[in-house]
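**Q** What follows is a structure written as structure tokens; I'll ask about it next.
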Amino acid sequence: AHPLFAVRMCAALGVDGTRKRRTELVKLLAHHPAEHLSDKLRLASLALDCDAPQPVEEVTTAAQEALRLGDLWLAERLARAAVERSGGLDARLVLGQALGWLGRGREAGAVLAAVDPAELSEPELIAWAVPRAANQFFMLGEPEKATAFLQTTRGRLTDPAARTVLDGLSATFAMNSGNLRRAMTLATEVLSGSSASDM
């Protein structure tokens, strides 16, 4: 339908009527699983404004897919809804990254800072620490804080592969700060180590 037609129809139905129609449509579509990603994202977006919300895990997955496709606004909208309902780490990571890439580093920092690192497993700690440090460094212009944060986080890790990920990011920070000698030293150590992943 033409967008103008949809606007007129929503105006005619009113807020409650529109919400009721959305709910009916989401319930109907839920019985016919979408095959295409675009349809899944449309359904997730539609379900946000109805009385038949999708499970938080599905909303979070849709937010991750939107982020992967570069639809930062949809990723933010979906992830924010998931965070408001659950406060889960995966949803916070998507929301933080979407906000950061939208140039809203302060908001991204606040979303990521709400996580208690003491409650995270090592893989979760890495998944959280990398975007938080990158946001501090690149979006907030706080290189010293970002570097110190990485070092503190590294000290909490026991897995050599996880430490290597943070060392690689530290090398990137050193390079972008103009400390080429430090960047070369760290990068050489990372690339020569047996625990270095493709990342």
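The values are calculated or read from the model by the stated rules, or taken from the named source; none is laboratory data. In this text, all values refer to a predicted model and were calculated from it rather than measured experimentally. FYI the Cβ positions are ideal-geometry reconstructions off the backbone, even for glycines, and counts take in every protein chain you see. Keep in mind that these areas ignore ligands, DNA and RNA; they rest on the heavy atoms of the full protein, side chains included. Shrake-Rupley method; radii C 1.70, N 1.55, O 1.52, S 1.80 Å.
**Q** What whole-number distance in Å separates the alpha-carbon centres of the stretch 137-199 and the stretch 46-120?
**A** About 26 Å separates the Cα centre of the stretch 137-199 from the one of the stretch 46-120.
**Q** Sticking with this structure for a sec: Take peptides 61-74, 173-186 and line them up by average Cβ neighbours within 10 Å, highest first, as a rough protection proxy. Kindly include the intermediate steps, with their values, before the conclusion.
**A** Values: 61-74: 18.5, 173-186: 14.8.
By packing density, highest mean first, the sequence is 61-74, 173-186.
**Q** Order the following by accessible area, largest value first: Thr164, Thr158, Thr147. Probe radius 1.4 Å; ligands, DNA and RNA are ignored. Intermediate results must be reported in sequence, preceding the final value.
**A** Details: Thr164 25, Thr158 115, Thr147 55 Å².
Output order, biggest surface exposure first: Thr158, Thr147, Thr164.
**Q** Further question on the same structure: Taking the Cβ-Cβ separation of Gln151 and Ser195 as r and a Förster radius of 25 Å, what is the calculated FRET efficiency to the nearest 0.05?
**A** 0.85
**Q** Continuing with the same structure: How much of the accessible area of the stretch 78-169, probe 1.4 Å, is carbon plus sulfur, in whole percent?
**A** Answer for the stretch 78-169: carbon and sulfur cover 53 percent of the accessible area.
**Q** Separate question: Just to be sure I understand the model, the point goes 7 Å from the Cα along the line to the Cβ. What's the resulting Ala118 to Glu35 distance in nm?
**A** The answer from the label model is 5.2 nm.
**Q** Quick one: if you stick a label point 7 Å off each Cα along the C-beta vector at Arg68 and Leu140, how many nm between them?
**A** Taking the two extended label points, one gets 2.9 nm.
**Q** Then there's this: Quick check for me: using +1 on Lys/Arg Cβ and -1 on Asp/Glu Cβ, what's the dipole size of the stretch 53-190 about its Cα centre, in debye to the nearest 20?
**A** For this selection, approximately 480 debye.
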